[in-house]
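S.K.: Take a look at this one; I'll ask things after.
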Amino acid sequence: MSAGETLRRLLAGPEILVAPGVFDGLSARMAARAGAKALYMTGFGIAGSLLGMPDIGLVTATEMADRVRALADVAGDLPLIADGDNGHGGPLNAARLTRLYEAGGAGCIQLEDQVLPKRCGHMAGKAVVPVAEAVARLRAAVSARRDPAFCIMARTDAIATDGLDEALRRADAYLAAGADLLFVEAPETPDQMAAIAARFPGVPLVANMVEDGKTPWLRPRDLEGIGFKLVIQPVSALLVAAAALEDCYGVLLAEGKLPDAFRRFSFGAYNAAVGLT
C-alpha cells in the first residue's frame, strides 16, 4: 500500500487523524515511537532545525525535498504529510516539487496560495497570489502525481488578507481544481471554524493547532465534533526542543555538567531508541 493509500484509509476512518509536526529524522522517530499514526513535515520546523531561521521562505525546494526523503525513510509505514509551502514558484515549480515529494516517499503535499517569499501562516504581513495563479499551481500538482492516491492538500491564507468569505471562495476553487484536502489557515474564532466545516461537508478538512497562534486551541475530539478530519500540531515539539536545548547548553556552560535530575535519555537508551542493535 502506498503512503497516499494509507493516508486516505486513515482519513476515511471514524476518528479524526492527529499528525504531530516533525522536522528531522530524530523527531520523526520519536513521534513514531510515541504512537503517531501519521506525521506532518513542518516547514516552520525545517527552517528552524536546518537553518536556525524563521519560516519566511528561506529554505529551498531542494532542501525541503531532501528532508522529505529523510523523514519518509524514518516514518516507514506511517504516511508523511509534507509542507510544500507555495510550490516554490509557478505551476512548473509546483509540479516538480510534487514529483520530488512523491518520489521521496511522502503521501501528501501541502500547497498554499501565498506569494514568494511566504511567511508562517500565523505571522503578520502575509500576502496571497490571485486565485487563478493558485489554481494553476494546484492543477499542475494534480497532473504531476504518478500515483492517483498521492494526496494534494490545498491551503489558503486569505482569511488574514481578505477575510473569511474570500478564503471560502478560494477553497471552493481549489477543491474544483482537484485538491483532496482543504486547509483554510488561521481562523480566529470557533464560529469561523464552524463556518468552514459547514461549507465543505464530507471534505477532509485540516485544522492547524499552533501554540500562541491565531486559532483557538481545541482538542482533537472537539475539532472532530465541528467537522474537521485532520489536525496538525506543527510547532509543539520544535518549541519544546528549542527550550530544552537552551536549558541544556546554559547548564553545561555554567556548571560544566548536567545534573542527574536533568531529563535526558541515557546513552544506551538513546542508541536503542534510534535503532542500534
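The values are calculated or read from the model by the stated rules, or taken from the named source; none is laboratory data. The model shown is predicted, which means the values in this text are computed figures rather than measured ones. Positions of Cβ are generated from backbone atoms using ideal geometry, with glycine treated the same way; all protein chains shown enter the neighbour counts. What goes into the accessible areas is simple: the full protein's heavy atoms, side chains included, and nothing from ligands, DNA or RNA. Shrake-Rupley method; radii C 1.70, N 1.55, O 1.52, S 1.80 Å.
S.K.: If the requirement is being closer than 30 Å to Leu258 by Cα, surrounded by 14 or more Cβ atoms within 10 Å (Cβ to Cβ) and under 21 Å from the mean Cα position of the chain (by Cα), which of these qualifies: Val206, Val235, Val240, Val231?
M.R.: Numbers: Val206 fails: closer than 30 Å to Leu258 by Cα; Val240 fails: surrounded by 14 or more Cβ atoms within 10 Å (Cβ to Cβ); Val231 fails: closer than 30 Å to Leu258 by Cα.
Val235 is the lone residue from the list that is closer than 30 Å to Leu258 by Cα, surrounded by 14 or more Cβ atoms within 10 Å (Cβ to Cβ) and under 21 Å from the mean Cα position of the chain (by Cα).
Residue-by-condition table, conditions (1) within 20 Å of Met123 (Cβ to Cβ); (2) part of a loop (DSSP other than H, G, I, E, B):
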| position | (1), (2) |
| --- | --- |
| Ala167 | yes, no |
| Ala171 | no, no |
| Phe183 | yes, no |
| Ala186 | yes, yes |
| Gln192 | yes, no |
| Ala198 | no, no |
| Pro201 | no, yes |
| Trp217 | yes, yes |
| Gly275 | no, yes |
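S.K.: If I filter segment 121-144 down to residues being open to solvent by 20 Å² or more (accessible area, probe 1.4 Å) and touching a residue at least 60 places away in the same chain (Cβ under 8 Å), which single residue comes out as nearest to Ile81 (Cα to Cα)?
M.R.: Among them, the one singled out is His122.
S.K.: Among the residues of segment 10-20, is there at least one that is touching a Cys at 6+ places or on another chain (Cβ under 6 Å), open to solvent by less than 70 Å² (accessible area, probe 1.4 Å) and under 21 Å from Cys120 (Cβ atoms)?
M.R.: no
S.K.: Then there is this: For Gly45, only one of the following conditions fails: (1) in contact with a helix residue (DSSP H, G or I) (Cβ under 6 Å, 6 or more places away or on another chain); (2) outside any helix (DSSP H, G or I). What is its number?
M.R.: Of (1) in contact with a helix residue (DSSP H, G or I) (Cβ under 6 Å, 6 or more places away or on another chain); (2) outside any helix (DSSP H, G or I), only one is false for Gly45: (2).
S.K.: Scan segment 45-64 residue by residue and report those that are in contact with a strand residue (DSSP E or B) (Cβ under 9 Å, 6 or more places away or on another chain) and surrounded by fewer than 22 Cβ atoms within 10 Å (Cβ to Cβ). Full working, then the answer.
M.R.: As a first pass, look at segment 45-64 and keep what is in contact with a strand residue (DSSP E or B) (Cβ under 9 Å, 6 or more places away or on another chain): 45-46, 57, 64.
Gly57 - this is the single residue of segment 45-64 that is in contact with a strand residue (DSSP E or B) (Cβ under 9 Å, 6 or more places away or on another chain) and surrounded by fewer than 22 Cβ atoms within 10 Å (Cβ to Cβ).
S.K.: Assess whether Glu185 counts as being touching a residue at least 60 places away in the same chain (Cβ under 8 Å), closer than 26 Å to Gly4 by Cα, open to solvent by 40 Å² or more (accessible area, probe 1.4 Å) and among the acidic types (Asp, Glu).
M.R.: When the stated conditions are applied, Glu185 does not pass them.
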